[in-house]
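Engineer: What follows is a structure written as structure tokens; I'll ask about it next.
Values quoted throughout were computed directly from the atomic coordinates according to the rules given, and no laboratory measurement underlies them. Note that the coordinates shown come from a computational prediction; the quantities given were computed from them, not determined experimentally. With ideal geometry, Cβ positions are generated from the backbone for all residues, glycine too; neighbour counts draw on all protein chains shown.
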Amino acid sequence: MNDHATASRHRCIPADQAADLLLRHRSGALASLALFDTRDRASFERAHIAGAQHLTEAGFGAAMQTVGRATPVLIYCYRGNASKTWAGMFADFRYAEVYSVDGGHDALAAALERRASASAGQPSSAGGSAALQAFVAEQGFDATDLDAPREHGLTPLMRAALSGRADLVSELLALGVAVDRRNGDGNNALWLGCVSGQAVIVRALVAAGIDLDNRNDT
């Protein structure tokens with residue numbers, strides 16, 4: 001593959017995955033993220049995703065001066081069409097990670113709202129067994145939010161599944177943690193449970209209603 005083809009790569013991602021990226025950034029799990037709204041100024045002023053910068057052709061050069069090439073770039077428009085063009089422009093200037101949001105602003109806003117509604121019903125503290133509390137502390141998770149991701153976008157449920165800790169997976173599910181979260185590669189806890197090779201974990205996650213058809217980024 002030549003240099004130009006490599007530089008021009010960008011990805012179109014569903015709104016749920018875009019919401020995951022944004023929430024990982026807000027939680028500190030993703031160090032940097034540039035969010036751009038490419039709709040007209042009036043639409044931006046009426047409503048936009050928190051943290052978004054309004055992007056126009058005239059302001060493209062200034063945006064590149066303030067956003068480093070290694071910073072992931074997330075772009076939305078009205079429906080996900082114009083944002084593809086903008087994403088290609090950033091990618092042509094050798095930005096390493098560039099994403100266009102399928103469905104645009106409304107789809108992303110709805111995905112974020114679903115995440116907020118789900119989080120409102122989650123346990124506020126790790127509590128649980130001494131083993132769970134020790135696991136949360138050792139792995140550096142937030143004891144006040146058992147769905148908050150950390151390194152590589154892994155939640156406590158994902159980490160427990162990957163570690164083969166069937167006891168902790170069972171306890172976390174009983175505490176009501178979300179099973180729809182995806183890590184930085186787009187994998188859910190079921191994929192990580194399969195990696196661990198523990199059938200009991202896979203069965204528990206399936207019984208909890210995890211998405212059997214989830215597809216990761218590749």
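Engineer: Of Gly140, Gly128, Leu74, which is farthest on the positive side of the dipole of the stretch 59-218, counting Cα position, with +1 on Lys and Arg Cβ, -1 on Asp and Glu Cβ, and the Cα centre as origin?
Structural biologist: Working it through, the farthest residue towards the positive pole turns out to be Leu74.
Engineer: Shifting gears a bit: For the chain, what is the calculated [θ] at 222 nm in deg cm²/dmol (nearest 500), taking -39500 (n - 2.57) for each run of four or more DSSP H residues and dividing by its residue count?
Structural biologist: Only helices count here, giving -13000 deg cm²/dmol.
Engineer: Quick one: divide the alpha-carbon radius of gyration of the stretch 65-218 by 2.2 N^0.38 Å and tell me what you get. Numbers along the way, then the final one.
Structural biologist: Working: Rg = 17.7 Å, N = 154, 2.2 N^0.38 = 14.9 Å.
Against the empirical 2.2 N^0.38 Å value, I get 1.19 for the stretch 65-218.
Engineer: Between the DSSP loop rule and a limit of at most 12 other Cβ atoms within 10 Å, which trypsin sites (Lys or Arg not before Pro) in the stretch 37-86 are left?
Structural biologist: Hits after loop and neighbour filter: Arg69.
Engineer: State the answer as a single residue: which of Leu30, Ile13, Ala62 lies farthest towards the positive end of the charge dipole of the stretch 1-111, with beta carbon charges of +1 for Lys and Arg and -1 for Asp and Glu, about the Cα centre.
Structural biologist: Going by the Cα projections, it comes out as Leu30.
Engineer: Shifting gears a bit: Using the crude model of +1 on Lys and Arg Cβ and -1 on Asp and Glu Cβ, and no other charge, please compute the dipole size for the chain relative to its Cα centre, in debye to 20.
Structural biologist: So the magnitude is around 200 debye.
Engineer: Ok, one more. If I take R0 = 35 Å and measure r between the Cβ atoms of Val206 and Met64 in this structure, what FRET efficiency does the formula 1/(1 + (r/R0)^6) give, to the nearest 0.05?
Structural biologist: Once the sixth-power term is evaluated, E becomes 0.15.
Engineer: Right, another one. Label-point separation (nm) for Ala42 and Ala143, each offset 7 Å from Cα along Cα-to-Cβ?
Structural biologist: Result: 5.3 nm between the two label points.
Engineer: Sum up the charges of everything whose Cβ sits under 14 Å from the Cβ of Glu45, counting Lys and Arg as +1 and Asp and Glu as -1, but leave Glu45 out.
Structural biologist: That works out to +1.
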